[in-house]
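For reference, the structure is listed below as structure tokens.
The values are calculated or read from the model by the stated rules, or taken from the named source; none is laboratory data. Because the structure is a prediction, the values reported are computed rather than measured. Cβ placement follows ideal geometry from the backbone for every residue including glycine, while neighbour counts extend to all protein chains displayed. Ligands, DNA and RNA are stripped out before the accessible areas are found, and what is left, the full protein with its side chains, is counted by its heavy atoms. Shrake-Rupley method; radii C 1.70, N 1.55, O 1.52, S 1.80 Å.
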Amino acid sequence: MSSLQHDPLPSSPPLAVAQALAEQFAATAAERDARGGTPQAERDALRASGLLSLSIPAAQGGQGADWATVLQTVRTLAQADSSIAHVYGFHHLLLASVRLFGQPAQWVPWLEQTAREAWFWGNALNPLDRRTVARRTEGGYDFSGHKSFCSGALDSQRLLASAIDAESGQLLIAVLPTGRAGITLNADWNCIGQRQTDSGSARFEQVQVADAELLRDPGPLTTPRSSLRPLLAQLVFVHLFLGQAEGAFAQARHYTLNESRPWFRSPAETAGEDPYIQRHYGEFFVGLESVRLLAAHAAAAFDAAWNQGDAPDAEGRGRVAVAVATAKVAATRVGLDVSSRLFETTGARATHGALRLDRFWRNLRTQTLHDPVDYKLQELGDWALHGKVPTPSFYS
């Protein structure tokens, strides 16, 4: 598998490991897309690779990589298999979340165990789904209710879960063992794309949550630093979209050069020499190059803010949000364009069901609906007109 990347990716062991895994996953990606369900062998391969500890600081037994490197591994995996890249990217997002929302006394042992035992973290947060309610008990709360879109929750060892405090209406976020009594994870994800992300629903039935498991200091989105979390989430999506677009480009290019035939009116002897097909690839290349540059700029801005600790203020955080939103809009548009129009460069035979080249568009279409790009554009318009930075939320 070759993505024909034209930006020089840094040579490092984590990126080499990610590339080897991507080549392994690519061999079965189409078949697994048709099957759906849990990609158990691929998740186990990620556990064995050591990449689950990539973002964990060296002091807690991890590799201490910067976020640009972590995001490059997400992008590399997405070129082959966006479902695997999705749950892997969310794993690192959840590890960052506990560091941003909680205190070292909480997250240090969690990160140490994750590095030592290759834990996978799953998501049961979804702050827009308010059906799970927390009621006060002695020494903590019980969580009861339902959650949707719990990506990566199945086959995980820890969950980030949220509930609404029945008394105050406050959003509470907790770190829970996935196997705790009262938690039921449903294998009911059956959408057109991202079919192996296990993004099904969850049920909580009087799940006991200790006070020490709640991330309340500083808590979610309470400071400029804790508000970096949604920006990292958006960066994960940027690199997922970019990787998928690069994967679609690589698959289309291989098919064009090796299988496609020129149209009968074409002056070219091969499809790759046809001027109209070359024009399409020129447009794809321009789009991908622009997203690569925007993604790199946004990742560097995020790393700089992350490394400042508590120093960034609301304006500084907001400028990072503008860079991230710009990359998100571009990655969405270019990804959907390349994955849809690739068939104009490959021809009718490339629509054969066994190839499942449509999976790139289906995966991107499913993921890009996570939060409306129109609202990113509105925020960017407000910035462009009035210099007003985006207001922190779980999506901006």
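Does Ala210 fit the bill of being modelled with pLDDT of 95 or more and more than 16 Å from Gln106 (Cβ to Cβ)? So Ala210 does not fit the description; no. Given the structure, is Ala45 closer than 28 Å to Phe149 by Cα, under 20 Å from the mean Cα position of the chain (by Cα), open to solvent by less than 60 Å² (accessible area, probe 1.4 Å) and touching a residue at least 24 places away in the same chain (Cβ under 8 Å)? Yes, satisfied.
Which residue out of Ala78, Ala85, Ala115, Ala96 is open to solvent by 10 Å² or more (accessible area, probe 1.4 Å), in contact (Cβ under 8 Å) with a residue 12 or more places away in the chain, assigned to a helix (DSSP H, G or I) and in contact with a helix residue (DSSP H, G or I) (Cβ under 7 Å, 6 or more places away or on another chain)?
Values: Ala78 fails: open to solvent by 10 Å² or more (accessible area, probe 1.4 Å); Ala85 fails: open to solvent by 10 Å² or more (accessible area, probe 1.4 Å); Ala96 fails: open to solvent by 10 Å² or more (accessible area, probe 1.4 Å).
Answer to the check: Ala115.
When you check Asp337 against the structure, is it in a helix (DSSP H, G or I), at pLDDT 95 or above, open to solvent by 20 Å² or more (accessible area, probe 1.4 Å) and of a type in the set (Asp, Glu), yes or no? Considered against the rule, which asks whether it is in a helix (DSSP H, G or I), at pLDDT 95 or above, open to solvent by 20 Å² or more (accessible area, probe 1.4 Å) and of a type in the set (Asp, Glu), Asp337 comes out as yes.
Exactly one residue out of Ala30, Ala68 is in a helix (DSSP H, G or I), in contact (Cβ under 8 Å) with a residue 24 or more places away in the chain and open to solvent by 30 Å² or more (accessible area, probe 1.4 Å), and it is Ala68.
Restricting to region 118-173, name every residue that is touching a helix residue (DSSP H, G or I) at 6+ places or on another chain (Cβ under 7 Å) and in a loop (DSSP other than H, G, I, E, B). If the condition is that a residue be touching a helix residue (DSSP H, G or I) at 6+ places or on another chain (Cβ under 7 Å) and in a loop (DSSP other than H, G, I, E, B), then Ala118, Trp119, Phe120, Gly139, Ser151, Gly152, Asp155 are the ones that fit. Only one residue in Thr326, Thr366, Thr332 is within 17 Å of the chain's Cα centre (by Cα), open to solvent by 40 Å² or more (accessible area, probe 1.4 Å) and in contact (Cβ under 8 Å) with a residue 40 or more places away in the chain. Which one? On inspection, the qualifying residue turns out to be Thr326. For first residues located in region 370-396 and closer than 20 Å to Thr223 by Cα and β-branched (Val, Ile, Thr), partners that are outside any loop (DSSP other than H, G, I, E, B) and open to solvent by less than 40 Å² (accessible area, probe 1.4 Å) and lie 6+ apart or on another chain with Cβ distances below 6 Å form the pairs Val389/Gly318.
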